[in-house]
Every structure is written in C-alpha cells, then in structure tokens.
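First up is the structure itself, then whatever we jot down about it.
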Amino acid sequence: MSKVASIRNLQVRIPLQDRQTLAPVRGIDLDIDVGSTTCLVGESGSGKSMASMALLGLLPRTATATADSFNLVGRSFQSIDEKALASVRGKDIAMIFQEPMTSLNPVYTIGSQLEEVYLRHLDRDRRRARVRALELLERVGIGNAHARLSQYPHELSGGLRQRVMIAMALMCDPKLIIADEPTTALDVTTQLQVLELLREIQRDYGTSLLFITHDFGVVSHIADDVLVMYAGQIVESGPVATVLGDPAHPYTRALLDCVPIPHLRPRGSLLGSIPGVVPSLIGMPEHCSFSSRCSGARSLCVKHEAPQQYLDPSHWSRCHFQFPGNQAPLRT
Amino acid sequence: MSLTRTFASILHIPRPISGAWNRAWQHKGLFFGAVFTIFFIAVALLAPYLSPYDPYAQSLVDRRIGPIWHMWAGDDARASWAHVFGTDKFGRDYLTRLLYGARISLFIGVTAAVISGIIGSTLGLLAGYFGGRVDACISFLIQFRLSIPVILIALAVVALFGSSLKIVILVIGLLVWDRFAVVVRSATMQIRSMEYISAAQAIGCSVPHILFREILPNAFPAIIVIATIEMANAILLEAALSFLGLGVPAPLPSWGLMISEAKVELFFAPWMIVIPGACLFLLVLAINLLGDGMRDFTAALRKT
C-alpha cells in the first residue's frame, strides 16, 4: 500500500537558556497509508500535538525538528521547518483544531474564510471558490448553506463551527488531514455526529486522516491504526483491533483501564487510574520512561530502554516484558 | 430601536449580539459624546454654509464690535445679530472664525491620530507577534519615546523649520504613537495565541497577511478607542502649541491661536477667550466621552 506519510526518527528539540534541551518528541516513526485513519493517542504532555505540528512545519519558533527521512504526500523533505513545508501546508495537508470557538476568525464571514483557502492555493477565481465553499458546506451537513456563507462565526454553534472547519480543511482536496482533538470541545451528541462525518468524508474523498486524541472511545470509533504515545515516544503501534483487544504495553493497558466505556471493559470492574504524571521533559530517563508509573516495573526497566519488539508483523510495542513467559524478577 | 436596526442593515454592519444597539443607546457617555462629536464635525464641514463671512476678511469699520448680549444690555450700539459673537480687532467675524477653527482642530486631531495610529499599530503588531528581540527593540523604542518631552521637541522643530499646519501635524503625529504601540502590542499577544491564527498559519498564510488581515481587524476595537483619546490629545496639544506661538501661524483661525490672541484683551473682552476655550473644552470632552463609551461598550460585548 502506498503511504501518504513515511517518517523515520522524528525528533523535536527545544533548547533552553541554560544549555538544557527539552525533547517533546524523541524519535518517532510515522507511517500513514493512503486513505486510512491513524490515531495518535496519549495523555497531555506526551508530545502528540508537537509531533503533528512538526508535520506542518508549525513548531514554536525556538523548536527544531529533525528526522532521518521525512516523506510527505509523495515528496521527500530535507529540512522540516516553516519554509520547507509551506508548499504542502494548507494544500496537501490540512489541519482541524481542537477549539471550534477560537479557530475561526471572528471578524470575517464563514464564506470569506472558506474561500480564502481556495483562492490562496488553487485559483484566483472568487466565483469558483464560492461554488466550492457552498458544495462543501452542504457536504458536511450544514443546512441552509447559502445563508451560512454570509454569517459570522459567533452566529454558529460549536458543532456547526467544527463542521465549517472540516469543510475548510477539504477546500483544496488535501491528501492528509491532521485533526488535533477535533471533538474534545464538543458535547457528546455533537461529538458522535462530527466523528461520523469525518469517517464518511474520509471514505468518500479517500483522504488520509491523522487523528490526535486521548479518548479511546473515539479511537475505537474511527481508527484503522493506533499509535500510543508516551513521553515523546511511540510505545505501541498496531491495527486498532489488536491494540485495543490485546494491548501489549502496560501503558496502553492502563489507559484502557481508565475508559468508562462498557464494551471495552469487563463487567463490574472498577475504573482504573495511572499514578503519577508524565515525566518532566527536562532530564528524561535513559531507561524505560514509563517505569516510574508501571505496576509491573522490574529492575531491567530502570536500567535499559525497551527496544521496539514485534508481536506480529503489524503490531509492536516497547516493553521488556510484553511476551508472556518473558518474566524477570520484580523490582524491589 | 427599529431605526438603528435599519441603519445597521443599510451600512452592512455585521449583526451584533442582540441588544447591542439598544445598550449603545442607553450608555449616556457614549450617547452625549457621539452627539457632540457629530455636532462639531457637522459644524466644521458646513462652516461655509453656516456663515456668510470669510474668516480672513478684515474690515476696519467693523473692528471690535461687541457680542449679541451687549445689544441686549445696551452697552454697544453696533452689536447686532449680524455678528453674534462680535468681531475681533481686525473686524473679522468671531463666530465665523470659531466655525472654521473647528475644521482646523478636527483636521489636526484626525490626521495626527491617523499618522500616530499607523506608526504605533505597526510597531505594536510587530512587537506582539514576533516577541523576543523584536519586542525588546520596540519596547525600548517606546520607552525612548516616552522620555522625550513633546513640547520641547516641538519648540526645537519650529525653531528649525518655522511653523506651519503641516509641521504641527507631523510633530504631533510622529510623537504620540506610544499609546497605540503599547495597547496594540498587548492585544496582539493575546490574539496570536488564538487558534484562528494557528489555523491561518496552517492554511499557508504569509506573515504580513496574518499581521494585517487576521490580527489587525481583531485589534481594531482597541485601536479605535485609543484613536479617539489620541485625537482629543492632539487637539489639546495643538491648542497648547498655538497658544505658545509654536503651532499654526496666524491668520489661521485655530482655537488655540484665538485664545492666544485674545489673552491681551482678557479684561476688556473676556468672551473672546472664554468662547474658544469652551469650544475646545466641549470638543475634547465629547471625544473623550465617546472613546470611554466605546471602551466600556466593546468590553461589555467581549464579556457576552
């Protein structure tokens, strides 16, 4: 299968003043198949948003991104920064943001903001841009689309605004849409509608979707592949059914244990929680970064970083003890 | 209510949050400020139609005619409705000069506010958006500007280039941009953290586009408020400079110049100093009320 993104060893570094360096993303590999949905899951501070912003070249000014190889939408990039990625940003790769309340500029109409993207990248014909905007507003299920074009963002509800954002992302027929927690700020019924919409859109247009979330309910709903991210690394990767059904990494298991969704957990079990917090970005440990919070951590875990080990050709994880039978003495 | 609605739709003003027009109407400061400001603007624009006289035409036979209340009191046989506020020592109709003076004050106020607004807003946008070294440089520039006494600079400039309307406008416009810069800088810092700015970056907008098309319109409420206050400031500054003889040259009918020329006659014709003073007071008060009202009003809108 051809890939819309193939990235090896992506790293993001933010140098601090006192010669220290923050490393929010520490060598992740990212492969997104054409027309598939990849979910990047992780708690706050795990680096998932940083990784996605690196794909657009929109990191904070002080941060730098490097990678061994960086192939996006069929092109290979030597450097990963704002300038280099300007040619694909907005056209081949579109982004949907978390907050529909603030992601539209309040002083322009919905129509002019939609047309802007088209006029910027495709052609300068305002009439064709308007036709395209109208078509997409209808496609994302906004009734009375014609009247909506001349409305301002404050006249629309959160769910409608997120639909507008989806329409805006589709304006240039992108090959990849990055959605950074697009449903987090919506209420539950709207969440489901927006998820359904994204799934339909993705099926109809054959667009690939990189979906960033911390919600396993959302993951089970929309994903083809799942990447679980922890402390700047991907700790488990595989097809959604395998990762959710048979998680290999203790972090994935712990996360799944926190999900209050009935069909994902045994009846009558208590909701879990993970003690502690994500390790500080300064002074990230050399050994397994989850060892300080892992209930099954042993002496090996605080000595060495776990290698990437395949359980089957499509499913791997980074845990010393992911294979049953590979047991070492518990840490004392 | 329906009238304001109609106006709004004619002018294509975006439909405000419901009741906004109503509340604007009820804000007394905003109301009186707007009414008086519009009154002065109307007077300035319609001056040639409101008065049959030329503000520069001197007439030796009509010198020092008293105002209309001297006719009522029987003090001055020459006082009549022909010259409501009388004439000055050159026989020029005083009311006419006042009307034309509104033009000069407003013209200076608007142009100086526009010039300083453009300079200050640009600096503020750059400082707020880029931060870091750019911000440090521009903040230093603001501090530097604040340490310069405006009157002293004006004195030096007039001594070097002589006085003219153009020079007064430039001196004021090029010197009072600091408040714009400070306010726009902080507004920009707040706006640039909004997701629509990230969204604009994500669709591939250039930096000038983001600065001037995405951020600037959102900072506009703050800029308008500062602009009214700076306008009032510029008008006062012009009057002060003219009073000191550093402002617009005679025979332009500037209010400050009229006050300055009338000060020698303070004990014989006090109205000649009181009337332009009162006009200046009213205009500056009105513009300040308008600015304050708009500030309250935009803050209230933001809260809802």
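Every read-out reported here was derived from the displayed coordinates using simple, explicitly stated rules and does not represent laboratory data. Everything quoted here is computed from the prediction, not taken from an experiment. Cβ: placed from backbone, ideal geometry, glycine included. Neighbour counts: every protein chain shown.
A few points about this structure:
- Least to most buried among B:Tyr196, B:Tyr53 (fewest other Cβ within 10 Å first): B:Tyr53, B:Tyr196
- Counting DSSP beta bridges with both ends in the protein assembly as shown, the antiparallel % (nearest 5): 65
- Restriction of the trypsin sites (Lys or Arg not before Pro) in the range A:55-139 to DSSP coil positions whose beta-carbon has at most 12 other beta-carbons within 10 angstrom yields A:Arg61, A:Lys83, A:Arg124.
- Helices in chain A that qualify as membrane-span-like (whole DSSP H runs, Cα extent of at least 15 Å along the helix axis, mean Kyte-Doolittle hydropathy of 0.0 or higher) are A:158-170.
- Applying 1/(1 + (r/R0)^6) with r as the Cβ-Cβ distance of A:Phe323 and A:Thr21 and R0 = 35 angstrom yields a FRET efficiency of 0.55.
- Exposure proxy order (Cβ contacts within 10 Å, fewest to most) of B:Trp177, B:Trp271: B:Trp271, B:Trp177
- Theoretical ellipticity at 222 nm over chain A - DSSP helices of four or more residues, -39500 (n - 2.57) apiece, nearest 500: -8000 deg cm²/dmol
- For chain B: rounded, prolate or oblate by the Cα gyration tensor [a/c cutoff 1.5]: oblate
- Prolate/oblate/rounded label for the range B:200-304 (Cα gyration tensor, a/c 1.5): oblate
- Computed from the C-beta positions of B:Ala250 and A:Ala86, the FRET efficiency with R₀ = 56 Å rounds to 0.45.
- Length-normalised contact order of chain A in % [C-alpha pairs under 8 Å, at least 6 apart]: 19
- For residues of A:85-94, the mean tally of beta carbons on other chains within 10 Å: 3
- Based on the Stokes-Einstein relation at 10 °C and a viscosity of 1.306 mPa s, and on the Kirkwood radius from alpha carbon pairs, the range A:103-171 is assigned a translational diffusion coefficient of 137 µm²/s.
- Rounded to the nearest 10 degrees, the angle from helix B:94-130 to the longest Cα principal axis of chain B is 20 degrees.
- Rounded tilt (10° steps) of B:132-146 against the dominant C-alpha axis of chain B: 10
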